[in-house]
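These notes are about the structure you will find just below.
The values are calculated or read from the model by the stated rules, or taken from the named source; none is laboratory data. Not measured: the values here are computed from a predicted model. Using ideal geometry, Cβ is built from the backbone for each residue, glycine included, and neighbour counts are taken over all protein chains shown. In case anyone asks, the SASA skips ligands and DNA or RNA and just uses the protein heavy atoms, side chains included. Shrake-Rupley method; radii C 1.70, N 1.55, O 1.52, S 1.80 Å.
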2 protein chains.
Amino acid sequence: MNKVYNTEIISVGTELLLGHVTNTDSRDISEMLSKIGINVKYHTVVGDNPERLLDCVNIAKSRADIIITTGGLGPTCDDLTKLILAKAFGLELEKNQAEYDLIYDYIRGGKLVSPNNYSQAMLPQGCTVFHNYWGTAPGCAFEAENKIVLMMPGPPQECVPMFRQYGLPYLRKLSDEQIVSHSLRIFGIGESSVDFMFRDEMNSMTNPTMAPYAKECDCLLQVTAKAESVEEAEKMIRPVINDAAKKLGEFVYGEDIECIEERVIELLKEKNMTFSTAESCTGGELAKRFTDIPGASAVFKGGVVTYTNEIKARVLGIDAELIEEKGAVSYEVAKEMAEKVRELCSTDIGVGVTGLAGPDGDGVHEVGTVFVSMATPEKTYVKELHIGDWRTRSFIRRMAGNHIYDMMRRYLSGYNVEWSR
Amino acid sequence: MNKVYNTEIISVGTELLLGHVTNTDSRDISEMLSKIGINVKYHTVVGDNPERLLDCVNIAKSRADIIITTGGLGPTCDDLTKLILAKAFGLELEKNQAEYDLIYDYIRGGKLVSPNNYSQAMLPQGCTVFHNYWGTAPGCAFEAENKIVLMMPGPPQECVPMFRQYGLPYLRKLSDEQIVSHSLRIFGIGESSVDFMFRDEMNSMTNPTMAPYAKECDCLLQVTAKAESVEEAEKMIRPVINDAAKKLGEFVYGEDIECIEERVIELLKEKNMTFSTAESCTGGELAKRFTDIPGASAVFKGGVVTYTNEIKARVLGIDAELIEEKGAVSYEVAKEMAEKVRELCSTDIGVGVTGLAGPDGDGVHEVGTVFVSMATPEKTYVKELHIGDWRTRSFIRRMAGNHIYDMMRRYLSGYNVEWSR
């Protein structure tokens, strides 16, 4: 890909401008594109308004090579996006018989109610149709005036799989060069420390390149190579990734994975071990995050949410006097939670978490004080965290979860669990 | 506000264009603005690049009256946003002594490490400073060339409270007219049905106005009035909201609230009742969502995540033979889950959920089949849902949760729980 393809994503929908929904489509498409070396330079959001959308498309034509739209394809939007994009490039909409027939079948099957649905079969002349297996409105792509245009439906459950299945391969074909990117995910040291560690490499390398990025609760180091073939790019990237992983050591929790819990599942599966959770301040989030991942049931047996002292005693069997004496937010109660849930659920590992997620305190501890614990066949570990009283409730809960997953990862990988104490 | 203030939000950050973080700032600011009648017409995202940011600011100047930026204020971004915005409006940056002194104290206290932090005290001449109680980089506002500019920090935990505390009052002051908006939140009927129900009112009304909007799993009806004072606008809005609430009846779960679980907490508090959860396919999400809300501990005692049949038997005491015979995803097991967890946790209400969130099926039920249950002192209710096999795992889990919360809301409000069967 000698030519650099600058990309703009235009999301169409008044509901985005009213703040009723979050623009996750732009994020997800951007993430997929960055991995194949296509630069997204702009995101634009505009309402369901023909004039303003046309203006935005004209601005995008002046500054981008690839224009990707999301939303505005459904029958209630009067297919605004297709009409305007066709107009901006001087194309007509024409009936696509295959899509028309499918819609006809749907309507006869009683699945769609509005004759407006037929307008979904009207597509820009000469376009490549992306059939929508996840909804009804088809997407499409066309090339005109030296620009590449892709139109995707708005609902994320349609947009994301359609872009993965059709959009990415369509754009990959444009390129003579292949771009490959891998990321090391890092927990326990921040982006600025990673930046500092790799300053020399970053300054001296041109292909592959290397860059650290911050995520909400952790960070990553991305290495990207360009070559004539994917194999060639992979070959260039491998030693760089390996060296970086070695330098970062036990702070790396995985390569090209979404989150630390994904790595924990892998490790538990490898070791054929199970675990259970006892949650107080995270209130079920620890279990929820784990079970967000399909297949978690192979290693996660279950857990308890002991949101009150009574339930800590009643369901887990923790001594009520101990809770009274030490307080629910304490080293001792955290330790008991992990041990008792491990016993109750008969798992190899039990983890516990108790703390103050805020906004209210308990008059004893600062908000953000959390005790996390892990009971293993050999030993129980407890760690006291001070996540920061200026942090939000949701950040404190999330970060506490990451610390527990990191304890598990360290234990299962044979690293020192108590490194930061 | 006779003048219409069109607004553009420009979010600055390469991490947004790489898809590493989601642009929630634009959503949250938009939602706050829509409630005071300020129209957001565009969201733009641009990277940490001076030329491209300047171009975007110039485009915004041509089409918006209010420009709000988020991000690019911290020391690692070289304070890009302030530099470029000042440049676009021909202003100089000058040292703000109060902010400088605060930063000096921070650094001496060891809380900041980089001398770059001092650059945070450099602000556009004559601006109104928004002190950042939630982080370090201050925000600000200025008026120039007939435009109003507000700059907010990027991290959501700083941006959102700062905008609420300083941004909203600053923008409210611009206006001679006051705009007030209230929303009815609706579960059980869709946006298009609500649209149909209120077609006549929407067509005939000009002030207040009325409009339905879809959210991910439910919808809302927003009523907005303009008047010389807030009191006047409230007076105009009240009968319209009351009539609409009456027409929608038991489908309305609340006014101006974030989510159905918030309403359930209120109702439980009113009735002085407690509840507990037994979750299979939602894997902790039901408890997590409830405990996202500060103060949930007054009514939520705890719950169990019974992700395997073994735990359903072991922790809840459900007959293993029943599970074997009927299957984990069944009316009978759902019923037992609610009843047993109610008993185990000694709560007034126990709820249960078991189903197939996908992507894999069980060979018996379609993905999206979920049984939700609620055990009350009088009776146990069980409902079979078919959320749709084309839905994502996360949607199925979320929707199942909403159905449970809605069952609780209906029960606690004295409505028919089994309305849809």
- [ ] Those residues that are surrounded by fewer than 17 Cβ atoms within 10 Å (Cβ to Cβ), farther than 30 Å from B:R391 by Cβ and either of a type in the set (D, E) or in contact (Cβ under 8 Å) with a residue 60 or more places away in the chain (or both), I need them from the stretch A:154-184; list them, please.
- [x] A:L174, A:S175, A:D176, A:E177
- [ ] Identify, from the list B:D292, B:D348, the residue that is under 30 Å from A:D362 (Cα atoms), more than 26 Å from the chain's Cα centre (by Cα) and of a type in the set (D, E).
- [x] B:D348
Open item on the list: I need a count of the residues in the stretch B:391-413 that are open to solvent by less than 20 Å² (accessible area, probe 1.4 Å) and in a loop (DSSP other than H, G, I, E, B).
Closed with: 0
- [ ] Considering only the stretch A:1-27, state which residues are within 7 Å of chain B (Cβ to nearest Cβ), touching a helix residue (DSSP H, G or I) at 6+ places or on another chain (Cβ under 7 Å), crowded, with 19+ Cβ neighbours inside 10 Å and under 22 Å from A:L168 (Cβ atoms).
- [x] A:N23
TODO: For residues that are away from every other protein chain (no Cβ under 12 Å) and surrounded by 18 or more Cβ atoms within 10 Å (Cβ to Cβ), tally how many sit in the stretch A:268-287.
DONE: 1
Open item on the list: within 14 Å of chain A (Cβ to nearest Cβ), among the polar types (S, T, N, Q) and in contact (Cβ under 8 Å) with a residue 40 or more places away in the chain: is that true of B:T70 in this structure?
Closed with: yes
Open item on the list: Going through B:E158, B:E216 one at a time, which residue ends up being touching a Phe, Trp or Tyr at 6+ places or on another chain (Cβ under 6 Å), under 21 Å from B:S30 (Cβ atoms) and within 11 Å of chain A (Cβ to nearest Cβ)?
Closed with: B:E158
Task: Subset of the stretch A:266-306 (residues that are more than 19 Å from A:T380 (Cα to Cα), in a strand (DSSP E or B) and acidic (D, E)) - done: none
- [ ] For B:L322, work out the one condition from (1) surrounded by 22 or more Cβ atoms within 10 Å (Cβ to Cβ); (2) among the aliphatic types (A, V, I, L, M); (3) touching a residue at least 12 places away in the same chain (Cβ under 8 Å) it doesn't fulfil.
- [x] (1)
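Among residues belonging to the stretch B:325-335 that are touching a residue at least 12 places away in the same chain (Cβ under 8 Å) and open to solvent by 20 Å² or more (accessible area, probe 1.4 Å), point out the one that is nearest to the other protein chains (Cβ to nearest Cβ). Even if it seems obvious, please write down each step before you answer.
Going residue by residue through the stretch B:325-335, those that are touching a residue at least 12 places away in the same chain (Cβ under 8 Å) are B:327-331, B:333-335.
This time we only want the ones that are open to solvent by 20 Å² or more (accessible area, probe 1.4 Å), so: B:327-328, B:331, B:335.
Numbers: B:G327: 15, B:A328: 10, B:Y331: 21, B:K335: 19 Å.
Out of the qualifying residues, it is B:A328.
State yes or no: is B:I349 open to solvent by 10 Å² or more (accessible area, probe 1.4 Å), in contact with a strand residue (DSSP E or B) (Cβ under 7 Å, 6 or more places away or on another chain) and among the hydrophobic types (A, V, I, L, M, F, W, C)?
Working: open to solvent by 10 Å² or more (accessible area, probe 1.4 Å): no; in contact with a strand residue (DSSP E or B) (Cβ under 7 Å, 6 or more places away or on another chain): yes; among the hydrophobic types (A, V, I, L, M, F, W, C): yes.
So B:I349 fails the test.
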- [ ] Only one of these is farther than 30 Å from A:A227 by Cα and surrounded by 20 or more Cβ atoms within 10 Å (Cβ to Cβ): A:A98, A:A86. Name it.
- [x] A:A86
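Can you tell me which of A:G388, A:G363 is modelled with pLDDT under 95, assigned to a loop (DSSP other than H, G, I, E, B), open to solvent by less than 10 Å² (accessible area, probe 1.4 Å) and at positive phi?
Numbers: A:G363 fails: open to solvent by less than 10 Å² (accessible area, probe 1.4 Å).
That would be A:G388, the only listed residue that is modelled with pLDDT under 95, assigned to a loop (DSSP other than H, G, I, E, B), open to solvent by less than 10 Å² (accessible area, probe 1.4 Å) and at positive phi.
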TODO: Report, by residue number, each residue of the stretch A:297-324 that is over 22 Å from B:A298 (Cβ atoms), hydrophobic (A, V, I, L, M, F, W, C) and more than 7 Å from chain B (Cβ to nearest Cβ).
DONE: A:A298, A:V299, A:L322
Open item on the list: Just to be sure I understand, how many residues within the stretch A:181-213 are away from chain B (no Cβ under 14 Å) and in a helix (DSSP H, G or I)?
Closed with: 6
TODO: Could you look through the stretch A:41-59, keep only residues that are at pLDDT below 95 and within 9 Å of chain B (Cβ to nearest Cβ), and pick out the one that is farthest from the chain's Cα centre (by Cα)?
DONE: A:N49
Task: Pair list, Cβ < 8 Å and 6+ apart or interchain, from the stretch A:384-408 residues that are basic (K, R) to residues that are open to solvent by 40 Å² or more (accessible area, probe 1.4 Å) - done: A:R391/B:Q157; A:R393/A:P359; A:R393/B:D292; A:R393/B:P294; A:R398/A:E216
Open item on the list: Under 8 Å between Cβ atoms, which residue pairs at least 6 apart in sequence (or on different chains) link something in the stretch B:256-281 that is over 20 Å from B:L344 (Cα atoms) and of a type in the set (V, I, T) with a partner that is open to solvent by 50 Å² or more (accessible area, probe 1.4 Å) and part of a helix (DSSP H, G or I)?
Closed with: B:I257/B:R263; B:I265/B:A298
Open item on the list: Here's a check for you: in the stretch B:288-314, which residue that is touching an Asp or Glu at 6+ places or on another chain (Cβ under 7 Å) and aliphatic (A, V, I, L, M) is most open to solvent (accessible area, probe 1.4 Å)?
Closed with: B:I293
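Quick check on the stretch A:193-200. Is at least one of its residues open to solvent by 30 Å² or more (accessible area, probe 1.4 Å) and in contact with a helix residue (DSSP H, G or I) (Cβ under 7 Å, 6 or more places away or on another chain)?
Kept after step one, since they are open to solvent by 30 Å² or more (accessible area, probe 1.4 Å), are these residues of the stretch A:193-200: A:193, A:195-197, A:199-200.
Keeping just the survivors that are in contact with a helix residue (DSSP H, G or I) (Cβ under 7 Å, 6 or more places away or on another chain) gives A:197.
Scanning the stretch A:193-200, I find at least one residue that is open to solvent by 30 Å² or more (accessible area, probe 1.4 Å) and in contact with a helix residue (DSSP H, G or I) (Cβ under 7 Å, 6 or more places away or on another chain), so the answer is yes.
If you check A:G303 against the conditions, is it among the small types (G, A, S) and under 27 Å from A:A214 (Cβ atoms)? Outline the logic, then answer.
Details: among the small types (G, A, S): yes; under 27 Å from A:A214 (Cβ atoms): no.
Judged against the criteria, A:G303 is not a match.
Condition check ((1) buried (at least 19 other Cβ atoms within 10 Å of the Cβ); (2) modelled with pLDDT under 95; (3) not hydrophobic (A, V, I, L, M, F, W, C)) across all residues:
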residue: A:M202; (1), (2), (3): no, yes, no
residue: A:T209; (1), (2), (3): no, yes, yes
residue: A:E231; (1), (2), (3): no, yes, yes
residue: A:K235; (1), (2), (3): no, no, yes
residue: A:R238; (1), (2), (3): no, no, yes
residue: A:N242; (1), (2), (3): no, no, yes
residue: A:A245; (1), (2), (3): no, no, no
Task: One residue from B:S62, B:S34, B:S30 being free of Cβ contacts under 8 Å to residues at least 24 places away in the same chain, surrounded by 18 or more Cβ atoms within 10 Å (Cβ to Cβ), within 11 Å of chain A (Cβ to nearest Cβ) and over 21 Å from A:S30 (Cα atoms) - done: B:S30
